[in-house]
Each structure stands twice: as C-alpha cells, then as structure tokens.
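Step one of this worksheet: look at the structure below.
The values are calculated or read from the model by the stated rules, or taken from the named source; none is laboratory data. Everything numeric in this text was worked out from a predicted model, so none of it was measured. Methodologically, a virtual Cβ is constructed for each residue, glycine included, from the backbone with ideal geometry; neighbour enumeration extends over all protein chains shown.
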Amino acid sequence: MKIERIETTLYRIPLATPVEAASHGVMSEFDLVAVRLTDSGGGDGCGYTVLNAGHGDAIVPIIRNVFSMILLDEDPRCIERMWTRMWRSHHYSGRGGLVSFAIAAADVALWDLRARNLGEPLWRLLGGHSPAVRAYAGNIDLNFPQEKLLEGVQRSLDAGYRSIKMRLGKPSLQEDVARVTAVRELVGPGTELMADANEAWRPDQAMRAFQALRAFDLIWIEEPIRPDDYAGYAHLRAHGGVRIAAGENLHSVAEFTALISARGVDFPEPDLTTCGGITPWMKIAHLAEAHGLPVTSHGAHEVHVHLLAAVPNAAYLEVHGFGLEKYIAQPLQMKDGLAIAPDRPGHGIDFDWKGLDRYRID
Ligand SMILES: [Mg+2]
C-alpha cells in the first residue's frame, strides 16, 4: 500500500468575537492548514494544524515542496519512519518552531488514514483507556470587561462545564485578583477554576501573583512566565504554592523532557498542532506518566479528546474557544462535564469543506 495523493489547503477564518490573551494580543482571525491524504487502497485521512493568522503561509510550502516528496509512495502504516524523515528534513532550521506545526498537519492525516483503514477510532488504536475525559471551558477573555468576563463564565456553567479557565495578565496584579475574586464568587467553591497568564510575568512578578492567588483554590496557573525558563518554572513550582500547567509553546519532545526533568510543571500541556502531531504527543503523555504526572491538552479538542482517552494519566481536555466546530459535522459530544471520544473510525472529524471554501486563501 502506498500514499498516492496529498492535498494541502490554507484557510484564514474570522473569530465570532475578537479575543485577547497576554502575549498574543487581540486575535480576530486564525489560520487553518489542512492536509488530505489518499492511499492506493482507496483509503483517506485528514489532518490539520491551527496557527496565528498569517503564519499558515510559511508552512504550506514546506508541506507541499518537502513533506509531499517524503510521503508520496510511502507505506502509510509506517508513521514513525515518515515522521522522522519529516523532522530530519528540517533538522538545521527546525527542531521545533513552525516546522512542528507543519509536521503536525501531515502526522494527524497519517494517523487518521491508518485508523480509518483499520476501522478503529483513534482513541482505541492509540491505547484505549477510557472514552470519557474530564473537560474544561478554555475561555479567552483578557480583553473583556468584568461584566462580559462573568457572562462568559456563566455561559460555560450553563453549558454544563464543571471546570472553567479564565485569563490573567492585566497591567496590575490588583486587577487580576479582582477578576479572579469575581469569578470565584460567581462559580462558588464547587466549580474547578484554572487561570492562564500566557507568559504575562517575569519570575519575580509571577511569584507575587502566585502568593496573591493562593487563596482562590485554583487547579493551576498556566504559563506564568516565558516557556523555556525551565529553572524559573522549577523555582515557582517549588515555592509558589499553586500548581503549574505549561506546554502549548513547547514545540518538541526535547523541550518537554527539559521542563519535566527540571521538575517545572504539574500539568504538562502538549498541543498536537504545535509539537509535531499525534506521534510526539503520545510520547510526551507517556513521558509525563513515567514521571508520575498527569497530561492535559491545549486547543484542537476534537483530536485531543482521542489522545487523552487513549492514556491512563489524562487530566483535562481543554475545550477551546476558536469555534472550529461551526465547520465540523459532528462537534464534540459532552455529558456531565465529560467529553466523549467518538467511536467513528479515525478522529471522526468531517469538515464542512464547502462552508470553509469561502475562507480558503491558498
Ligand atoms: Mg494557555
């Protein structure tokens, strides 16, 4: 069996409401890069990655000009071999960064193709632990005034979430504390609350913030400082008094190895769209397990629900607010605060390609 056809497309999709997270600025649109594969047996698979608007232009040529040559005529069952060849093709200029986003789109398509050919859902093919995964609402709300912040939290409660994330990183710590106070008052003590600083702080500012936020029983504070300050993470984790989630800005297994080895994280948070796809995501999840840590996810919840359902150390699925579900036939199924991995073959995502077509730019 051989891979016969590879189609790569780029879409720039507007968000319903512009949203802000610290370090990202206000986002009003995002790029979706999709890769569709067909094999000689008539099988097909689809992968995708998600980037800041404008960044898709940089990775589409890598997939079309380099990865296509690596994947065409390959046996679609030999994913590790193809992944390694894609990684090595950019060893000099890559080993992470944008190249990992490019590999991710192809890698997800390879796993989807393999699972569909076997008639298995990804979660069972990749390990098959439990299809029900605890999920939280990953709200992006730093730019919202407090009233709108609380409206979003209420919407998440009304939708059945029992775990909700809010954003930190206002110009003053007092303002962050006031917003956390208001959210905690609204949700009460029985709802799990996470907070994401998106690298808003220097280490000294982060320590002050941790001390001020200890009283709110947060499940975690996410990305308090820049992602590659592993010693800084270890110091905060040892002395800050609040557990830490991090990983969406790490783009390789090696970077996760460094953070976990430094004892800098409580909830490793790989994102398959940023770390090179399902192949490295599973390695990071197992690396976490070997260190006695849970694993959580960032973004791309339609695929991550399978990966978390595959492993025994799943903590939470982030249900992300980019609204991709508008273009997916069967969006994520939720029940009692749990996300349920579908039993359809592959990842089970049917994109509405016609609906997406109006946003296609390449
Ligand atoms: Mg985050």
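For every residue, the table says whether it meets (1) away from the ligand (no atom under 16 Å from the Cβ); (2) touching a Ser or Thr at 6+ places or on another chain (Cβ under 9 Å); (3) not aromatic (Phe, Trp, Tyr).
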position: Gly127; (1), (2), (3): yes, no, yes
position: Ser130; (1), (2), (3): yes, no, yes
position: Arg134; (1), (2), (3): yes, yes, yes
position: Asn139; (1), (2), (3): no, yes, yes
position: Asn143; (1), (2), (3): no, no, yes
position: Leu149; (1), (2), (3): yes, no, yes
position: Gln154; (1), (2), (3): yes, no, yes
position: Leu157; (1), (2), (3): yes, yes, yes
position: Pro171; (1), (2), (3): yes, no, yes
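Only one of the numbered conditions (1) away from the ligand (no atom under 14 Å from the Cβ); (2) in contact with a Pro (Cβ under 8 Å, 6 or more places away or on another chain); (3) not hydroxyl-bearing (Ser, Thr, Tyr) is not met by Ala215, and that is (2). The set of residues from the range 68-117 being within 21 Å of Ala254 (Cβ to Cβ), small (Gly, Ala, Ser) and surrounded by 24 or more Cβ atoms within 10 Å (Cβ to Cβ) comprises Ser100, Ala102, Ala104, Ala105, Ala106. For first residues located in the range 244-273 and outside the structural domain of Ala102 (by TED's automatic domain parsing) and part of a helix (DSSP H, G or I), partners that are of a type in the set (A, V, I, L, M, F, W, C) and within 12 Å of the ligand (Cβ to nearest atom) and lie 6+ apart or on another chain with Cβ distances below 7 Å form the pairs Phe256/Leu250; Leu259/Ala246; Leu259/Leu250.
Residues that are among the aliphatic types (A, V, I, L, M), within 24 Å of Gly25 (Cβ to Cβ) and within 16 Å of the ligand (Cβ to nearest atom) within the range 181-210 comprise Met194, Ala195, Ala197, Ala200, Ala206, Ala209, listed in sequence order.
May I ask you to verify whether Val305 is in contact (Cβ under 8 Å) with a residue 60 or more places away in the chain, crowded, with 22+ Cβ neighbours inside 10 Å, outside any loop (DSSP other than H, G, I, E, B) and away from the ligand (no atom under 16 Å from the Cβ)? Yes; evaluated as a whole, the condition is true for this residue. Taken over the range 146-182, the criterion of being within 20 Å of the chain's Cα centre (by Cα) and either part of a helix (DSSP H, G or I) or surrounded by fewer than 16 Cβ atoms within 10 Å (Cβ to Cβ) (or both) is satisfied by Ser156 alone. Taking the criterion of being buried (at least 23 other Cβ atoms within 10 Å of the Cβ) and either over 22 Å from the mean Cα position of the chain (by Cα) or among the hydroxyl-bearing types (Ser, Thr, Tyr) (or both), the residues of the range 214-241 that qualify are Tyr233, Leu236.
Quick one: in the range 27-63, which of the residues that are within 16 Å of the ligand (Cβ to nearest atom) and among the aliphatic types (A, V, I, L, M) is nearest to Leu356 (Cα to Cα)? In this case the residue turns out to be Val50. Cβ-Cβ contacts under 8 Å between residues 6 or more apart (or on different chains), taken from a first residue in the range 188-215 that is outside the structural domain of Arg226 (by TED's automatic domain parsing) to a second residue that is assigned to a helix (DSSP H, G or I) and hydroxyl-bearing (Ser, Thr, Tyr), are absent. Selection of the range 183-223 for residues being β-branched (Val, Ile, Thr) and outside any strand (DSSP E or B) yields Val183, Val187, Thr191, Ile219. The sole residue among Arg162, Arg114 that is among the charged types (D, E, K, R), away from the ligand (no atom under 16 Å from the Cβ) and over 23 Å from Ala339 (Cα atoms) is Arg114.
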